[in-house]
Amino acid sequence: MKIALVCPYDMAYPGGVIVHVTDMKERLKVLGHDVRIVAVSSKPVDDSEVIILAKSISIPAASTTTRISLSLNNRQKVLDLFAKEKFDVVHLHEPFMITLCPSVLNHGDAPMVATFHASGGFPGYWLGWPFTMHMMDKLSKRLLQKAAVSKTALSHVKNFVKDDFEIIPNGVNLLRFSPDGEKIEWMQDGMTNILFVGRLERRKGVVHLIKSFRSVKKAIPNARLVIAGPGVALKPRLKEMISRYHLKDVVFVGMVAAEDLPKYYRTADLFCAPATGRESFGIVLLEAMASGTPVVATSISGYRNVIIDGYSGVLARPKNQKDLGEKIIATLNDQDKMDMLIQNGLEHVKQYSWDVVADNVLNMYYKAIDKYREQKKSIKIDRTKH
């Protein structure tokens, strides 16, 4: 089967949706399918299986940055793409996010399915809404199967589309993220490593994590906070905080290469995800659990889809550095609890293996193809009556 995975976000800046789409491509290829990612990018992408249809730009919004294309000149590109590639099925991710996905929906001819990823309040989604609302019914009807990655994402998309949905979660590559394998050498010096992975944006909660690290450092003097992820706008403020609080052992490693990310997870003693909201799922939680690393995260809706508090992770109150610090300290100081979280996390994450998730995605494709064929038959029958 020839499959197109359509992603409206900048392929040059990896985020949750791009990780999901990229991992899905690799798993579907292993299963014998011919897969292309159709996307936008601000930089050249060195991957023959990625087709860039438009250039993306950065749009600052609230406490994040949305990197999408605003190009309205995609019609002929889409028509040419479909004529050349002849896809058997097209899978759109965030199908109403301007402008790439609506162009594919409006001008492409193939069975189409969609996955909705966003949580409530996501600025890029509301940005696209005024541009697509006038053709929402038409576009929605072209989507023969619809899925959301979690109950949180489903609750959000129901504001726009009232149709039936499946819940098919994000997946994680259990071969890539596992307790076994190489580690980061410089982190293996006897320090207790707390790892953060994510963009340096306010909504990711890194400000609250640094504030909580003051109490962690007092209780656990050999603690070290390792901050991995891209972003420059917030970094001066973070460094100013570190200096003002006279904090030591806070290390910024920047955006980590894909091949090195699993090494950071498996080297860390604890992973912390302190996001303040607007997370529909939390792929980083799966990656940490699969790597055999205990997780302390905030009790936001999207993370509660993944973490069972006290079983597969520990949840703290969002935007509350006191509670976050106490949860980190209590977890690190209880080796039996750490061992329990590791074992339960490794078991819990199996349900998110791409072996499981890809089967559900393929079933969605087959249903859409069957519906598409029925539609084509009915059109031919109607034409014979006239």
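The values are calculated or read from the model by the stated rules, or taken from the named source; none is laboratory data. Just so you know, these numbers come straight off a predicted model, no measurement behind them. With ideal geometry, Cβ positions are generated from the backbone for all residues, glycine too; neighbour counts draw on all protein chains shown. Note: areas computed on protein heavy atoms with side chains; ligands, DNA, RNA excluded. Shrake-Rupley method; radii C 1.70, N 1.55, O 1.52, S 1.80 Å.
Find the centroid of the Cα atoms in region 257-304 and in region 162-215, then give the distance between the two in whole Å. About 3 Å separates the Cα centre of region 257-304 from the one of region 162-215. Principal axis analysis of the Cα atoms in region 139-225 yields extents of 58, 32, 18 Å, listed in decreasing size.
Heavy-atom surface analysis with a 1.4 Å probe gives region 243-386 a carbon and sulfur content of 48 percent of its accessible area. Its Cα gyration tensor gives region 1-121 an equivalent ellipsoid. The semi-axes, each the square root of 5 times an eigenvalue, are 21, 16, 14 Å from largest down.
Dividing the summed helix terms, -39500 (n - 2.57) for each DSSP H run of n ≥ 4, by the number of residues in the chain produces a 222 nm estimate of -12500 deg cm²/dmol to the nearest 500.
On the principal axes of its alpha carbon atoms, region 163-213 extends 53, 32, 15 Å, with the longest extent given first. With the simple spin-label model, which puts each label point 7 Å out from Cα in the Cβ direction, the Q351 to D109 separation comes to 4.3 nm.
Just so you know, the averaged projected area of the alpha carbon convex hull for region 229-372 sits at 11.1 nm². Here the relative contact order of the chain, from alpha carbon pairs under 8 Å that lie six or more residues apart, stands at 15 percent.
Full extension of the chain between T192 and K376 yields a length gain of 60.1 nm, computed as 0.36 nm times the residue separation minus the alpha carbon distance.
Solvent-accessible surface of the chain, averaged per residue with a 1.4 angstrom probe and all protein chains in place: 44 square angstrom. Listed values (i) 27.7, 89; (ii) 23.6, 79; (iii) 21.8, 83 include one computed from this model; for Rg and Dmax of the Cα atoms in Å that value carries the label (iii). Legend: P(r) of region 161-275 from all alpha carbon pair distances, 5 Å bins from 0, whole percents, reading 2, 10, 20, 21, 18, 12, 7, 5, 3, 2, 1.
A 24 angstrom limit on the alpha carbon distance is what I want to check against. Which of K248/K337; K55/K158; K151/K367; K77/K162; K146/K263 exceed it? Cα-Cα > 24 Å for K248/K337; K55/K158; K77/K162; K146/K263; rest within.
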